[in-house]
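The values are calculated or read from the model by the stated rules, or taken from the named source; none is laboratory data. Note that the structure is a prediction, hence the values are computed from the model and not measured. Every residue, glycine among them, receives a Cβ derived from its backbone with ideal geometry; neighbour counts consider all protein chains shown.
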Amino acid sequence: MSGVIKTVKLSFPVCVTIIYVPLMLFGLLGNILTILVVWLRPHMRSSTYLYLSSMAISDLLILLLLPLDLYKLWRPRPWPLGDLACKLTMFLSECCTFCTILHITFLSLERYVAVCWPITAKTLVTRRRTRAIIGCLWLGAAVSAAPVLRESHDYGCI
């Protein structure tokens, strides 16, 4: 019976790793390409593409934190990087997750306005306002994730 339990405990990290590695590689490639295309082509800096490039940055940060999640999966305790690193990685992960959700929400709202009120959208949706909204989205995500900085015990680091 204990051999079966060991096999199950070992097969879960292996399966997750097999899924995570290609996900990280394709995700990094896709998000880096998205950021480069929007930054290098001025005609692609519409409000929609500004949302997409900011969301790509958020997703890129999440993908860069995935190796630490894999490390925690393979070696749950003790966390070798210390309490501060634990709190910061959890904060960044939560912040970027919230930020991605907010980006999708506001991008959907902007598209809704553009479809339902196209004339109003031309004056309401500007690049300047979009940049300000994106800044507020990041700030709101950081404030929402801030409670993670108080306690890291709940996140399996210590």
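Assess whether Ile133 counts as being among the β-branched types (Val, Ile, Thr), crowded, with 18+ Cβ neighbours inside 10 Å, free of Cβ contacts under 8 Å to residues at least 40 places away in the same chain and part of a helix (DSSP H, G or I).
It is true that Ile133 is among the β-branched types (Val, Ile, Thr), crowded, with 18+ Cβ neighbours inside 10 Å, free of Cβ contacts under 8 Å to residues at least 40 places away in the same chain and part of a helix (DSSP H, G or I).
Restricting to segment 103-129, what's the tally of residues that are surrounded by fewer than 11 Cβ atoms within 10 Å (Cβ to Cβ) and farther than 18 Å from Ser53 by Cβ?
The qualifying residues number 6.
In this structure, is Ser58 touching a Ser or Thr at 6+ places or on another chain (Cβ under 6 Å), at pLDDT 90 or above and assigned to a helix (DSSP H, G or I)?
yes
Here is a list: Leu64, Leu68. Which entry is part of a helix (DSSP H, G or I) and farther than 25 Å from Gly135 by Cα? It would help to see each step written out before you state the result.
Numbers: Leu64 fails: farther than 25 Å from Gly135 by Cα.
Of the residues listed, the single one that is part of a helix (DSSP H, G or I) and farther than 25 Å from Gly135 by Cα is Leu68.
Residue check: is Thr100 more than 30 Å from Ala121 (Cα to Cα), surrounded by 17 or more Cβ atoms within 10 Å (Cβ to Cβ), touching a residue at least 12 places away in the same chain (Cβ under 8 Å) and not small (Gly, Ala, Ser)?
Values: more than 30 Å from Ala121 (Cα to Cα): no; surrounded by 17 or more Cβ atoms within 10 Å (Cβ to Cβ): yes; touching a residue at least 12 places away in the same chain (Cβ under 8 Å): yes; not small (Gly, Ala, Ser): yes.
So Thr100 fails the test.
Check whether at least one residue in segment 117-126 is under 21 Å from the mean Cα position of the chain (by Cα) and in contact (Cβ under 8 Å) with a residue 40 or more places away in the chain, and report yes or no.
no
Tally time: how many residues in segment 79-106 are among the hydrophobic types (A, V, I, L, M, F, W, C) and within 20 Å of Arg129 (Cα to Cα)? Talk me through it step by step, then tell me what you get.
To start, the set of residues in segment 79-106 that are among the hydrophobic types (A, V, I, L, M, F, W, C) comprises 79, 81, 84-86, 88, 90-92, 95-96, 98-99, 101-102, 104, 106.
If we keep only those that are within 20 Å of Arg129 (Cα to Cα) too, we end up with 99, 101-102, 104, 106.
The number of residues fulfilling the criteria is 5.
Any idea which residue in segment 71-87 is modelled with the lowest pLDDT, counting only those that are under 18 Å from the mean Cα position of the chain (by Cα) and buried (at least 16 other Cβ atoms within 10 Å of the Cβ)?
Once the filter is applied, the top-ranked residue is Cys86.
Determine which member of the set Thr100, Thr17, Thr48 is among the hydroxyl-bearing types (Ser, Thr, Tyr) and within 27 Å of Glu151 (Cβ to Cβ).
Just one listed residue meets the conditions, Thr100.
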